[in-house]
Amino acid sequence: MAEGGGARRGDAAAGRGENSIVIVGGANMLGWPERTGEEDTEVFMGAGAVLLQREIPDSVNIQAAEAAKISGVLVILYVGGVETPIPKELLCLVHILSPNEMELACLTGMPTETFEYISKAVRKCHEMGVKQLLVKLGEEGSALFVEGEEPIRRPIIPAAKVLGTTGAGDTLTAAYAVSHVEGKTRKEALKFAAAAASIRSMPKIDAVIELLESL
Ligand SMILES: Nc1ncnc2c1ncn2[C@@H]1O[C@H](COP(=O)(O)OP(=O)(O)O)[C@@H](O)[C@H]1O
Ligand SMILES: [Mg+2]
């Protein structure tokens, strides 16, 4: 394992027949320069959304989320990658937390096998300070939970041929962010995200639009 440490995702995933990913942190976990909050605020000022993930130190994510929030920018935290608990300070800074069903179970210590269980686990996240969750449910699609509102459920858009789903979760969360920045409603953004995630890993935007137009 490279200097800087690595994190392994997936003991739980492998046991359930899902993919399992090994991450070597390397440079991502090392040598982050000290920055002033003002420098970061300037960086985020022109952004539509900030999508954070956990393969960098939590302290860097906290600094970025703080600066993004001050700049009035939507902060989304993609949960995958690292199974260590997410610091409360970071949870309270993000606008949307985006776990899959197993990451949600890990985060809350609660079962997530059914939609009812998932809804209960999401309520625990609300109690932990997270107002919105974009939960990825594999072949069951995805769902957006906003505290105090009915969840919006989104089934998958069946793919012509499933070549593999590695990266589908990253794609779904990123595509949701893109659609949000374009000013789409939550429901429209979920549909766009499902279309993007149904195409093999990380499609270009034209391919997603073409698929949506063909439905
Ligand atoms: N077999 C499939 N066909 C079409 N879309 C899929 C399929 N599997 C996953 N997806 C899409 O990819 C999204 C993300 O996959 P998921 O397994 O939920 O996330 P993760 O990769 O984080 O575990 C799903 O919400 C769904 O929209
Ligand atoms: Mg999955």
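The values are calculated or read from the model by the stated rules, or taken from the named source; none is laboratory data. The model shown is predicted, which means the values in this text are computed figures rather than measured ones. Cβ sites come from the backbone with ideal geometry, for glycine too, and all protein chains shown count toward neighbours. To get the accessible areas, we keep the full protein, side chains included, count just its heavy atoms, and leave off ligands, DNA and RNA. Shrake-Rupley method; radii C 1.70, N 1.55, O 1.52, S 1.80 Å.
Length gained on full extension, Met45 to Glu147, computed as 0.36 nm times the residue gap minus the Cα-Cα distance: 34.0 nm. Ranking Val122, Ile157, Val146 by how far each Cα lies toward the positive end of the dipole of region 115-203 (charges on Cβ) leaves Ile157 at the top. If the segment from Arg123 to Ile62 were pulled out straight at 0.36 nm per residue, it would be longer than the present Cα-Cα gap by 19.7 nm. Dividing the convex hull volume of the alpha-carbon atoms in the chain by its residue count gives 130 Å³ per residue. Only DSSP H runs of four or more residues enter the estimate; each adds -39500 (n - 2.57), and after division by the residues of the chain the mean residue ellipticity at 222 nm equals -12000 deg cm²/dmol. Taking all Cα pairs closer than 8 Å and separated by 6 or more residues, the relative contact order of region 134-215 comes to 27 percent. Protection proxy ranking of 129-142, 194-207, by the mean of other Cβ atoms within 10 Å over each peptide's residues and highest first, is 129-142, 194-207. Take the Cα of Thr36, step 7 Å toward its Cβ, do the same at Ala207, and the gap between the two points is 4.4 nm. Apolar share of the accessible surface for region 38-214: 54 percent from carbon plus sulfur atoms, 1.4 Å probe. Charging the Cβ of each Asp and Glu at -1 and of each Lys and Arg at +1, and nothing else, the dipole of region 38-214 about its Cα centre rounds to 500 debye. Working ranking of peptides 149-155, 165-171 by packing, defined as the average number of other Cβ atoms within 10 Å per residue, highest first, is 165-171, 149-155. In the frame of its principal axes, region 119-215 has Cα extents of 39, 28, 19 Å, reported largest first. Counting only protein heavy atoms and a 1.4 Å probe, the chain has 54 square angstrom of accessible area per residue. For the set Lys120/Lys161; Lys88/Lys161; Lys136/Lys184; Lys69/Lys187; Lys69/Lys191, the pairs lying more than 31 angstrom apart at their alpha carbons are Lys120/Lys161; Lys88/Lys161. Within the listed set Glu83, Glu101, Glu39, the residue fluctuating most in the Gaussian network model of the chain (springs between alpha-carbon atoms under 10 angstrom) is Glu39.
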